[in-house]
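Participant: Below is the structure I would like to discuss, written out as structure tokens.
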Amino acid sequence: MYTPKQFEMNDPAELSAFMQHYNFAALVTNHENNLTATHLPFMVDSTRGEHGTLIAHLARPNPQWKSFANGKEALVIFTGPHAYVSPSWYEKPTLNVPTWNYTAVHAYGVPRVVEDPEEIYAMLDQLVVAHESGYKQPWPMQSAEEHVRRLIGGIVGFEMMITRVEGKAKLSQNRSEVDRYHVEQQLSQSADTLVAGTAGLMQVRRENTGG
């Protein structure tokens with residue numbers, strides 16, 4: 001991923017937190033010189049591997065999982081909030097052009113199929129608990145125990161230890177303090193959650209870096 005130095009995300013904790021928060025990502029693999037991508041919810045096990053281990057599952061009829069056997073590197077693309085930035089928000093709008101603020105993390109590794117049904121069940125339970133925990137009445141997977149176990153045969157669980165990871169947060173760091181403030185203010189007023197979320201990330205970065 002092309003990443004000028006001022007946009008780099010290098011903190012391991014920040015990268016891990018980003019992948020956990022924006023965990024619906026695109027798995028990209030290469031099989032017989034053909035690129036394939038599937039959008040999946042991922043879990044991150046930060047205790048395994050230098051950069052953590054990604055855990056997910058595919059529908060068994062999806063042939064992408066068969067490419068895992070070639071032992072080739074795969075890419076998982078996580079994306080966060082993003083927004084169009086108008087030059088009219090800058091101090092000197094006629095000397096600038098539009099751009100886009102965005103956040104992304106690319107994780108690389110070799111996927112490995114998980115065969116054990118009990119391990120797959122635990123993976124599914126972990127995913128459900130993580131996403132149900134914010135509800136007033138979380139749905140426990142155990143309430144559909146028999147049904148879930150029957151369906152496990154229809155999916156392929158896999159995990160991918162991350163061998164390298166790249167993060168980019170392009171949030172107007174290359175602009176003056178005044179321009180960054182104006183961009184943040186304009187984005188924060190949007191009713192679009194992606195746009196407003198971009199302003200929120202700009203605010204967090206400003207508060208953490210003092211600029």
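Participant: Counting just the residues of the stretch 122-168 that are in contact with an Asp or Glu (Cβ under 8 Å, 6 or more places away or on another chain) and β-branched (V, I, T), which one comes out surrounded by the fewest Cβ atoms within 10 Å (Cβ to Cβ)?
Facilitator: The qualifying residue surrounded by the fewest Cβ atoms within 10 Å (Cβ to Cβ) is T163.
Participant: Out of the stretch 40-64, which residues are over 15 Å from I155 (Cβ atoms) and either out of contact with any strand residue (DSSP E or B) (no Cβ under 6 Å at 6 or more places or on another chain) or in a strand (DSSP E or B) (or both)?
Facilitator: We begin by selecting, within the stretch 40-64, every residue over 15 Å from I155 (Cβ atoms); these are 44-54.
Listed by number, the residues that qualify are V44, D45, S46, T47, R48, E50, T53, L54.
Participant: Does any residue of the stretch 6-22 turn out to be surrounded by 16 or more Cβ atoms within 10 Å (Cβ to Cβ), in contact with a Pro (Cβ under 8 Å, 6 or more places away or on another chain) and closer than 28 Å to I152 by Cα?
Facilitator: Within the stretch 6-22 (the criterion being surrounded by 16 or more Cβ atoms within 10 Å (Cβ to Cβ), in contact with a Pro (Cβ under 8 Å, 6 or more places away or on another chain) and closer than 28 Å to I152 by Cα), the answer is no, since none of the residues qualifies.
Participant: Mind checking which residues of the stretch 38-56 are under 26 Å from L171 (Cβ atoms) and touching a helix residue (DSSP H, G or I) at 6+ places or on another chain (Cβ under 9 Å)? Spell out how you get there, then give the answer.
Facilitator: Step one: list which residues in the stretch 38-56 are under 26 Å from L171 (Cβ atoms), which gives 39, 41-42, 44, 46, 51-52, 54.
Within the stretch 38-56, P41, F42, V44, S46, H51, G52, L54 qualify.
Participant: Kindly indicate which of T53, T29 is in contact with a Ser or Thr (Cβ under 7 Å, 6 or more places away or on another chain) and surrounded by 15 or more Cβ atoms within 10 Å (Cβ to Cβ). Write out each step before concluding.
Facilitator: Values: T53 fails: in contact with a Ser or Thr (Cβ under 7 Å, 6 or more places away or on another chain).
None of the others qualify; the one that does is T29.
Participant: Something else: Sort out which residues of the stretch 153-211 are under 21 Å from N10 (Cα atoms), in a strand (DSSP E or B) and in contact with a Ser or Thr (Cβ under 6 Å, 6 or more places away or on another chain), and write them in order of number.
Facilitator: Listed by number, the residues that qualify are M161, K168, A169.
Participant: Mind listing whichever residues of the stretch 56-65 are hydrophobic (A, V, I, L, M, F, W, C) and surrounded by fewer than 18 Cβ atoms within 10 Å (Cβ to Cβ)?
Facilitator: Just the residues of the stretch 56-65 that are hydrophobic (A, V, I, L, M, F, W, C), to begin with: 56, 58-59, 65.
Matches in the stretch 56-65: A59 only.
Participant: How about the stretch 12-32: which of its residues are in a helix (DSSP H, G or I) and over 15 Å from E166 (Cβ atoms)? Quick ask: steps written out before the conclusion?
Facilitator: If we filter the stretch 12-32 for residues that are in a helix (DSSP H, G or I), which is where we start, we get 12-21.
Of everything in the stretch 12-32, those that are in a helix (DSSP H, G or I) and over 15 Å from E166 (Cβ atoms) turn out to be A13, A17, Q20, H21.
Participant: Which of the residues that make up the stretch 169-200 are within 21 Å of the chain's Cα centre (by Cα), buried (at least 17 other Cβ atoms within 10 Å of the Cβ) and either within 30 Å of L58 (Cβ to Cβ) or free of Cβ contacts under 8 Å to residues at least 24 places away in the same chain (or both)?
Facilitator: If the condition is that a residue be within 21 Å of the chain's Cα centre (by Cα), buried (at least 17 other Cβ atoms within 10 Å of the Cβ) and either within 30 Å of L58 (Cβ to Cβ) or free of Cβ contacts under 8 Å to residues at least 24 places away in the same chain (or both), then A169, G197 are the ones that fit.
Participant: Return yes or no: is S67 part of a helix (DSSP H, G or I), in contact (Cβ under 8 Å) with a residue 24 or more places away in the chain and not aromatic (F, W, Y)? Please lay out each step first, then the result.
Facilitator: Values: part of a helix (DSSP H, G or I): yes; in contact (Cβ under 8 Å) with a residue 24 or more places away in the chain: yes; not aromatic (F, W, Y): yes.
Spelling it out, S67 is indeed part of a helix (DSSP H, G or I), in contact (Cβ under 8 Å) with a residue 24 or more places away in the chain and not aromatic (F, W, Y).
Participant: Which of (1) touching a residue at least 60 places away in the same chain (Cβ under 8 Å); (2) more than 18 Å from the chain's Cα centre (by Cα) does L58 not meet, given it meets every other one?
Facilitator: Among (1) touching a residue at least 60 places away in the same chain (Cβ under 8 Å); (2) more than 18 Å from the chain's Cα centre (by Cα), L58 violates only (2).
Participant: Can you list residue pairs whose Cβ atoms sit under 6 Å apart, with the first residue in the stretch 75-93 being among the small types (G, A, S) and the second being assigned to a strand (DSSP E or B) and modelled with pLDDT of 95 or more? Count only pairs 6 or more apart in sequence or on different chains.
Facilitator: G80/T103; A83/N101
Participant: Step by step: first the residues of the stretch 61-110, then only those that are under 17 Å from the mean Cα position of the chain (by Cα) and small (G, A, S), then the one that is nearest to A196 (Cα to Cα). Which residue is that?
Facilitator: Taking the stretch 61-110 as the starting set, the residues that turn out to be under 17 Å from the mean Cα position of the chain (by Cα) are 74-83, 101-109.
Then drop every residue that is not small (G, A, S), which leaves 74, 80, 83, 104, 107, 109.
On the way: A74: 32, G80: 12, A83: 8, A104: 16, A107: 26, G109: 32 Å.
So the residue we want is A83.
Quick grid of which residues meet (1) part of a helix (DSSP H, G or I); (2) at pLDDT 95 or above; (3) touching a helix residue (DSSP H, G or I) at 6+ places or on another chain (Cβ under 9 Å); (4) under 21 Å from M19 (Cα atoms):
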{"position": "Y84", "(1), (2), (3), (4)": "no, yes, yes, no"}
{"position": "E91", "(1), (2), (3), (4)": "no, no, yes, no"}
{"position": "Y108", "(1), (2), (3), (4)": "no, yes, no, yes"}
{"position": "E118", "(1), (2), (3), (4)": "yes, no, no, no"}
{"position": "M123", "(1), (2), (3), (4)": "yes, no, no, yes"}
{"position": "Q137", "(1), (2), (3), (4)": "no, no, no, no"}
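Participant: Evaluate the following for H51: is it under 21 Å from V114 (Cβ atoms) and under 15 Å from the mean Cα position of the chain (by Cα)?
Facilitator: Criteria met by H51.
The values are calculated or read from the model by the stated rules, or taken from the named source; none is laboratory data. Since we're looking at a predicted model, the values are computed, not measured. For neighbour counting, all protein chains shown are included, and Cβ atoms are generated from backbone atoms with ideal geometry for every residue, glycine included.
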